[in-house]
Amino acid sequence: MVLLAVSVFAGAGTIHYQTPMLAAFAAEFHADAAAAGWVATLTFGGFLAGTVFIVPLGDRFDKRRVILIELSVLIAALLAMAAAPSLAALALASLIVGITAGFAQLVIPLAAELALPEKRGRVMGAILACLFLGILFGRILGGLVASYLGWRWTYVIAAVMLSALAPALVLWLPSVPAKTRLSYGRLIGSLAGFLRDNSTLRRASAIQFLLGISYGGFWGTVSPMLAAFHGFGPAQTGLMGIPGAAGILIAQPAGRWLDRYGSFPIVTGGACLVLAAYIVFGFAELSIVAVIAGAVLLDCGLRAAMVANQTTITSVAPDARSRFNTVFGAHIWGGNATGAFLASTTLGHYGWLAVCAIAVSASCLALIVQWQWRSRPPSP
């Protein structure tokens, strides 16, 4: 479990290094915020593609083999970002980073498979806490290294760290027998059937997609927003990752509450916190305190809902955990990518309050979906 936790931590950071550096990308390549926003959009979009087309292979092959292959490609892609000669090349390499960073999404169902059923919520809370800690680390490291060494060194350091992790994974990552013999086409085709036939998976996925719009919208635009409103550079923006990782503190308690009370109150409370975050963000231009408070509310709400929803869907079908996690993860990162695209485009044309209006609408829809399913029995 320690090795699994470290692996999730390392994988999570790779897709968040760019968050405090978007303004630096724009400055170096003489681009506007909307153009630089494509790096975040393609990173999240690549993660979505990797989740949909690669993570299901964890049910068809030994997860260990798939994880090690992805890790090798990820290291090369990080070095390509460090050497990118143009914004287009940087964005293309970020797409590959996003695709291969999905190896962490294979670790999550592996942890659920190894956990005892009565303690699965706690185990998942601990694993996801490490994932959230990796996000925090990525944002802070990205901002600090970009300020003092240059943003390219961030990706060099990231590649070196993953290279150091690789031998431990080769030696100690456990092998897991295949769960199915389906061909690749039928394996991918089964995803739509799971989503169609399982109401629990549909509800959890829809809610996490909508909350992901709010989450991706903030982190896809926080760098240019803070630069415009408060004159922040990469280092100060990177430090926003500290209040923006408050979900680390709530992940394990959410897992315990889930084991005790079920998912409904945890998910509902999480969506309400995300909604409250964007009400607070409405005052971001007036005070940095509003940005800090909103970041805390946003991360706590999103992470609480994710722990509850992800634990629930990994318990529904033991023989298809990777594919259920694929559907769920695709909705998370699809929401993040959608949010980053909508927010970066909206910020450039209509301003920050329009970004907040989009996120408030998405959060309200998430609450509606949650309450609509309250009286429906879960799928077997």
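The values are calculated or read from the model by the stated rules, or taken from the named source; none is laboratory data. Fair warning: this is a prediction, and the values are worked out from it, not measured in the lab. Using ideal geometry, Cβ is built from the backbone for each residue, glycine included, and neighbour counts are taken over all protein chains shown. Ligands, DNA and RNA are stripped out before the accessible areas are found, and what is left, the full protein with its side chains, is counted by its heavy atoms. Shrake-Rupley method; radii C 1.70, N 1.55, O 1.52, S 1.80 Å.
Residues of the stretch 274-287 that are aliphatic (A, V, I, L, M), free of Cβ contacts under 8 Å to residues at least 60 places away in the same chain and in contact with a helix residue (DSSP H, G or I) (Cβ under 8 Å, 6 or more places away or on another chain): ALA276, VAL280. Among residues of the stretch 77-90 being open to solvent by 10 Å² or more (accessible area, probe 1.4 Å) and in contact (Cβ under 8 Å) with a residue 40 or more places away in the chain, the one that is nearest to THR312 (Cα to Cα) is LEU79.
The helices (runs of 4 or more DSSP H) found entirely in the stretch 171-230 include none that carry 1 or more residues being in contact with a strand residue (DSSP E or B) (Cβ under 9 Å, 6 or more places away or on another chain) and farther than 30 Å from ARG65 by Cα.
The residues listed here are ALA317, ALA357, ALA366; of these, the one that is open to solvent by 50 Å² or more (accessible area, probe 1.4 Å), of a type outside the set (Phe, Trp, Tyr) and more than 13 Å from the chain's Cα centre (by Cα) is ALA357. Among the residues of the stretch 103-117, is any without any contact (Cβ under 8 Å) to a residue 12 or more places away in the chain and either open to solvent by 20 Å² or more (accessible area, probe 1.4 Å) or under 20 Å from SER163 (Cα atoms) (or both)? Yes, the stretch 103-117 has at least one match. In the stretch 148-169, is there at least one residue being in contact with a Lys or Arg (Cβ under 9 Å, 6 or more places away or on another chain) and either closer than 26 Å to ALA49 by Cα or buried (at least 24 other Cβ atoms within 10 Å of the Cβ) (or both)? Within the stretch 148-169 (the criterion being in contact with a Lys or Arg (Cβ under 9 Å, 6 or more places away or on another chain) and either closer than 26 Å to ALA49 by Cα or buried (at least 24 other Cβ atoms within 10 Å of the Cβ) (or both)), the answer is yes, since at least one residue qualifies. Taken as a whole, the structure leaves LEU106 outside the set of residues that are closer than 26 Å to SER322 by Cβ, in contact with a Gly (Cβ under 9 Å, 6 or more places away or on another chain), modelled with pLDDT of 90 or more and among the aliphatic types (A, V, I, L, M).
Of the residues making up the stretch 194-204, just one is of a type in the set (Gly, Ala, Ser) and buried (at least 24 other Cβ atoms within 10 Å of the Cβ), namely ALA204. Working carefully through the options VAL274, VAL280, find the one that is over 17 Å from PHE132 (Cβ atoms) and either part of a helix (DSSP H, G or I) or open to solvent by 50 Å² or more (accessible area, probe 1.4 Å) (or both). Checking each option against the conditions leaves just VAL280.
PHE218 - would you say it is at pLDDT 90 or above and either closer than 21 Å to VAL107 by Cα or hydrophobic (A, V, I, L, M, F, W, C) (or both)? Considered against the rule, which asks whether it is at pLDDT 90 or above and either closer than 21 Å to VAL107 by Cα or hydrophobic (A, V, I, L, M, F, W, C) (or both), PHE218 comes out as yes.
Selection over the stretch 233-257 of residues that are crowded, with 20+ Cβ neighbours inside 10 Å and touching a Ser or Thr at 6+ places or on another chain (Cβ under 6 Å) gives a count of 2. Between THR19, THR14, THR41, THR51, the distinction of being of a type in the set (S, T, N, Q), over 26 Å from GLY233 (Cβ atoms) and buried (at least 24 other Cβ atoms within 10 Å of the Cβ) belongs to THR51 only.
Residues are listed down the side, and each one gets a yes or a no for (1) at pLDDT 85 or above; (2) closer than 23 Å to ALA12 by Cβ; (3) of a type in the set (D, E, K, R):
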| residue | (1), (2), (3) |
| --- | --- |
| ARG139 | no, yes, yes |
| THR154 | yes, yes, no |
| PHE194 | yes, no, no |
| ILE213 | yes, yes, no |
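Checking each residue in the stretch 22-38 for being open to solvent by 20 Å² or more (accessible area, probe 1.4 Å) and touching a Ser or Thr at 6+ places or on another chain (Cβ under 6 Å) picks out ALA23, ALA34. Of the helices (runs of 4 or more DSSP H) that lie entirely inside the stretch 56-125, not one contains 3 or more residues that are touching a strand residue (DSSP E or B) at 6+ places or on another chain (Cβ under 9 Å) and under 26 Å from LEU171 (Cα atoms).
For the stretch 123-147, the set of residues classified as aliphatic (A, V, I, L, M) and open to solvent by 40 Å² or more (accessible area, probe 1.4 Å) consists of LEU133, LEU144, listed by residue number.
On the basis of being surrounded by fewer than 24 Cβ atoms within 10 Å (Cβ to Cβ) and modelled with pLDDT under 80, does ARG120 make the cut? It is true that ARG120 is surrounded by fewer than 24 Cβ atoms within 10 Å (Cβ to Cβ) and modelled with pLDDT under 80.
In the stretch 1-28, the residues that are free of Cβ contacts under 8 Å to residues at least 40 places away in the same chain reach residues that are open to solvent by less than 10 Å² (accessible area, probe 1.4 Å) and assigned to a helix (DSSP H, G or I) with C-beta atoms within less than 9 angstrom, at least six apart or across chains, in these pairs: ALA27/ALA36.
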